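The block underneath contains the structure these notes are about, expressed in structure tokens.
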Amino acid sequence: MKNNFLNSTSLINYSKETYSCNPIAAIEDINFESKDKSISWLNTYGTYHTKEFKQIISSTYLDDFLLKLISNDKHPNKVLELDNVVFIAIKVLKTETENFDTEQMFFILTPHYLWSIQEKKGDYFEWIRERIRENKGIVKSKKTDYLLFLLLESIIDNYEDTYDEISASMTTLNETSDVKPTPEFTQNVEKEKNTLITFKRAANSLRDIISKLEKVEQQKINKKFYSELHTQVNNLVNTIDFDLQELESKINMIFSIQGHRLNEVMKTLTIFSVIFIPLTFLAGIYGMNFKNIPELQTEYGYFVLLGVMVIVTLISVYLFKKKKWF
């Protein structure tokens, strides 16, 4: 398991003038103390390396309670201030999966060390590694609070980019003409609505974490970084809320249009039914097989009956037009 842990873990050390990313030969090489005030970013894939986690925590000045926190991969959103360390747990949406699975992420923050633990292999942080490696931007001149800011910003950016692609492909949000509320349409609407709700839940989780980070007092965390993130994630939540309202509005409009069309059809059928009811009544009377119906012997009885039917039809149509039924 040790080799598995070392293969799943990377360590980047950097300062304003230096950079190193050498393979970790042994767990003993991991040390959270920084004598030269450089910044270290330890990243581990997999939350099941309990033995190695215990060894790292026990050999450093980290709080022993961290082992209990890391061992639980069902954490809700959490920000805890322990001795000289801030612990962050968050459920992150895996946008590259078809069903938008989630994974548990842990961040352990000290003034000069950031340990990120991800449940599943793969992330959206390669651009951050590139900026550190090639000395782009100001990341190498900042402390771990800025590195954590970049990691959270990367997650938000991924949400925004994926959400833009998903919302652009949603037919209900973008089309309302010639749509019929068939069972397939209803199923598609439910799928689109669930997608929006999934992204809103994920965005709200990030907003909750950022709000808690803004209140951390133990370490010198630059609050303006997280205030910017708060604004960014609020904009995402507001966009999702707007799209949810627009989706509901368009669904209601589609069903309203279909209801109006159905009412028009029913009104037309009703008008024809009302016109033909008295005609059917007259035809029914003279279609009865009674021998002594007086009009049966009338020479022009057939034409008289047709005339009566025409008059009844014209009177009915006149009354309907007067009442503006059509």
### Query
Applying the selection to the stretch 107-163, what residues are of a type in the set (S, T, N, Q) and open to solvent by 60 Å² or more (accessible area, probe 1.4 Å)?
Asn135, Ser141
### Task
Mind counting the residues in the stretch 198-226 that are surrounded by 13 or more Cβ atoms within 10 Å (Cβ to Cβ), part of a helix (DSSP H, G or I) and without any contact (Cβ under 8 Å) to a residue 60 or more places away in the chain?
8
### Query
Tell me, which residue of the stretch 62-81 that is in contact with a helix residue (DSSP H, G or I) (Cβ under 9 Å, 6 or more places away or on another chain) and under 14 Å from Lys212 (Cβ atoms) is surrounded by the most Cβ atoms within 10 Å (Cβ to Cβ)?
Val79
### Query
Out of the residues in the stretch 24-36 that are in a loop (DSSP other than H, G, I, E, B) and under 15 Å from Asn7 (Cα atoms), which is least open to solvent (accessible area, probe 1.4 Å)?
Ile30
### Message
Take the residues in the stretch 85-106 that are surrounded by fewer than 21 Cβ atoms within 10 Å (Cβ to Cβ) and out of contact with any Asp or Glu (no Cβ under 8 Å at 6 or more places or on another chain); name whichever of them is nearest to Phe32 (Cα to Cα).
### Response
Thr102
### Query
Pairs, please: C-beta under 6 Å, at least 6 apart or cross-chain, first residue within 25 Å of Leu314 (Cα to Cα) and in the stretch 275-303, second of a type in the set (Asp, Glu)?
Gly301/Glu295
### Query
Which one is nearest to the chain's Cα centre (by Cα) among residues in the stretch 256-299 that are part of a loop (DSSP other than H, G, I, E, B) and surrounded by fewer than 10 Cβ atoms within 10 Å (Cβ to Cβ)?
Gly287
### Task
With respect to Asn188, determine if the residue is assigned to a helix (DSSP H, G or I) and modelled with pLDDT under 90.
yes
### Query
Is the stretch 106-118 home to any residue that is on the phi > 0 side of the Ramachandran plot and of a type outside the set (Lys, Arg)?
no
### Task
Kindly indicate the residue of the stretch 37-61 that is of a type outside the set (S, T, N, Q) and open to solvent by 20 Å² or more (accessible area, probe 1.4 Å) and also farthest from Leu152 (Cα to Cα) among those meeting that condition.
Lys51
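The values are calculated or read from the model by the stated rules, or taken from the named source; none is laboratory data. Being a predicted model, the structure only gives us computed values, none of them experimental. When we count neighbours, we look across all protein chains shown, and the Cβ atoms used for this are built from the backbone with ideal geometry, even at glycine. With ligands, DNA and RNA removed, areas are computed over all heavy atoms of the protein, side chains included. Shrake-Rupley method; radii C 1.70, N 1.55, O 1.52, S 1.80 Å.
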